[in-house]
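The values are calculated or read from the model by the stated rules, or taken from the named source; none is laboratory data. Quantities reported herein were computed from a predicted structural model and do not represent experimental measurements. A quick note on method: Cβ atoms are made from the backbone with ideal geometry, for glycine too, and the neighbour counts reach across all protein chains shown.
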There are 2 protein chains.
Amino acid sequence: MARPFNFNPGPATLPESVLKQVQQELLDYQGRGLSVMEMSHRSEAFLEIAANAERDLRALLNLSSDYTVLFLQGGAKGQNAAVPLNLLGNRTTIDFVHTGHWSKNSIEEAKKYAQVHLAASAESSGFYHVPPQSEWQMSDNPAYLHICANETITGVEYSFTPKVSSVPLVADMSSNFLSREIEVNRFGLIYAGAQKNVGPAGVTIVIVKNDLLDRALPICPSIWHYATQKKHEWMLNTPPTFAIYVSGLVFAWLRREGGLAAMEKRNQEKADRLYALLDRGDFYRGKVHKKSRSRMNVTFDLPNETLTGLFVEEAKENGLINLKGHKISGGIRASIYNAMPIEGVDALIAFMEAFEKKNG
Amino acid sequence: MARPFNFNPGPATLPESVLKQVQQELLDYQGRGLSVMEMSHRSEAFLEIAANAERDLRALLNLSSDYTVLFLQGGAKGQNAAVPLNLLGNRTTIDFVHTGHWSKNSIEEAKKYAQVHLAASAESSGFYHVPPQSEWQMSDNPAYLHICANETITGVEYSFTPKVSSVPLVADMSSNFLSREIEVNRFGLIYAGAQKNVGPAGVTIVIVKNDLLDRALPICPSIWHYATQKKHEWMLNTPPTFAIYVSGLVFAWLRREGGLAAMEKRNQEKADRLYALLDRGDFYRGKVHKKSRSRMNVTFDLPNETLTGLFVEEAKENGLINLKGHKISGGIRASIYNAMPIEGVDALIAFMEAFEKKNG
């Protein structure tokens, strides 16, 4: 079948050139006669794959030696436990900014290990905005402040990097990691499941400032113990080798495409074109406050549910798939991560214009 | 390059027919125009992959509805934490049989959450045997008894299923899972990283008796909380979709090959042929007690380290790769999991005979 444009929120579309390379090398990685899946994680060939992946990721982020990169398992939901277990130290409270479903998830998991203080909440808007930092009220002595940089379900994204003095800033960047330039130096810790902008599901990236590696709780499981994993160069146990290999190919692709500055420009352009259409009339209605619109997940409603269903159906027939919104928020969601080409967005816009003409 | 026989201890060789199917479907899964890596875990296509994988695994094990199957993340080392966090309940002690490196790993991790009692230890033999059950001394009221069914480094395997009344039996089966018939009903819980007999690294299989699902500690991370994952049909969060897809193809391959009875016969035959060679003379010397010889990892020494190095080198030139023993135990290790064809073992035997003739 012809390759459709896949607007999945994650696992998500991958660069076609990466998939072709994976396919070509699947049974015989660079003349070795075996698949990457069949290689020992301690083999020379895989260690080179791993080192290249880490090198390219560090280069993309222009990462200083103050930060450690770890490729772990368990997804962002795993890190919702691992972060408190590593960073709580002798403090008792964690501050959160609550912007929707994924912050809520992090909050609930953190309650297993700490007291939670809400520095701010987007509840007043039904979670359709990011509370401006001027409204945040921190607790007295939190272990850290946690934000979710992009909420995939509603399509809400930070347009700013919070300035937090003295308290480590932690960000769940699962759904916008590597989609734009990141001021890593402003963060104590960043984590991201790979399956949006980076690679296949099954690998979780953690970037942590080295001076935070001394405060893990004794109950922290070894595979998530950052200091231990750093010591073992994130191979305390067998890592998800194939997922890391594919992610490494995506990092190399991102560098070839011009790095994060180029991706930021392209992603902004893709989002701008879609939001411009939403702003042109009343048929498609975005619910997110303009300042907090996600560049990754563009959400909007149609006049009624019948039209929403018809939209999803007809879009699919036109090679534009997986546009149905999350059941929590309904409507339509177009996820336009790094690997969604601008042609995909233009095809969606052309379809939307035709659909409006017919049904508006 | 011609496909060599790959004796890796894990990640390990996979069935060539499975790899070919993966390659063929890589960009276009069954006419859908996208890769399995790009599919939502909630999509109809992936839910079918997942259901088939679980169905085939249950069929292979002839599993009753008293048991829950979970496909999780974090490897066996993750389960070394997850098992105590799920099964400790209000008890304080866990009993272990210590047979080597991997039991030691489980013991050390369990100490974070519980008191550890050694019911038996193989230390007297340098960890080259499984202590017979008649020698085991259990503690008074343990939460469960933990064994490692196969120690990959020394090549030591249980030839019997322990009979434990009243206390749940837990087994780390990472390196012999699905390699023979398993009396699952004798176990409370079985876990296994996939990367030996089952599939690529990155997916961890847990089989747990339903009546053990009510004793998790409040600090258990959600992604490892068995009752929660059961409720969410092991998709509380995005599972490692591609690794599950490949594992599912291996399950289907195992069924086509005749299931676990056929694999048991074939694996026994492979091991018997190699051990018969070890028993024929003094050039190759197995160190494991005969009753505890692993059918998965056949370990032996050569007369000196120069010959060991030469053996590994010349074997590689003959298309027999990754035979070097683990640094802890030295010598040679031939890992002959399910996907190693008997032709690979025969080729190794022919090489060993020629090598002995030349250097013996």
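Below is a table of values for the structure above.
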read-out: Failed item, numbered, when residue A:246 is tested on (1) modelled with pLDDT of 95 or more; (2) outside the structural domain of residue A:45 (by TED's automatic domain parsing); value: (2)
read-out: Residues (within 13 Å of chain B (Cβ to nearest Cβ), of a type outside the set (Gly, Ala, Ser) and part of a helix (DSSP H, G or I)) located in the stretch A:104-138; value: A:104, A:105, A:107, A:108, A:109
read-out: Scan of the stretch B:174-231 for residues that are of a type in the set (A, V, I, L, M), crowded, with 24+ Cβ neighbours inside 10 Å and more than 21 Å from residue B:161 (Cβ to Cβ), ordered by number; value: B:194, B:201, B:203, B:223
read-out: Residue check for residue A:327: free of Cβ contacts under 8 Å to residues at least 24 places away in the same chain, in a loop (DSSP other than H, G, I, E, B) and of a type in the set (Lys, Arg); value: yes
read-out: Selected residue (criterion: surrounded by the most Cβ atoms within 10 Å (Cβ to Cβ)) from residues of the stretch A:234-245 that are assigned to a loop (DSSP other than H, G, I, E, B) and touching a residue at least 40 places away in the same chain (Cβ under 8 Å); value: A:240
read-out: Selection from the stretch A:234-273 of residues that are among the hydrophobic types (A, V, I, L, M, F, W, C) and under 16 Å from residue A:14 (Cα atoms); value: A:242, A:243, A:244, A:246, A:249, A:250, A:251, A:252, A:253, A:254, A:263
read-out: Residue list for the stretch A:34-55, restricted to those being touching a strand residue (DSSP E or B) at 6+ places or on another chain (Cβ under 9 Å) and either hydrophobic (A, V, I, L, M, F, W, C) or at pLDDT below 95 (or both); value: A:34, A:39, A:50, A:53
read-out: Test: residue in the stretch B:267-287 that is aromatic (Phe, Trp, Tyr) and either crowded, with 20+ Cβ neighbours inside 10 Å or within 14 Å of chain A (Cβ to nearest Cβ) (or both); value: yes
read-out: Residue check for residue A:219: in the same structural domain as residue A:50 (by TED's automatic domain parsing) and under 20 Å from residue A:62 (Cα atoms); value: no
read-out: Criterion (farther than 19 Å from residue B:51 by Cα and of a type outside the set (Phe, Trp, Tyr)) met by exactly one of B:261, B:227; value: B:261
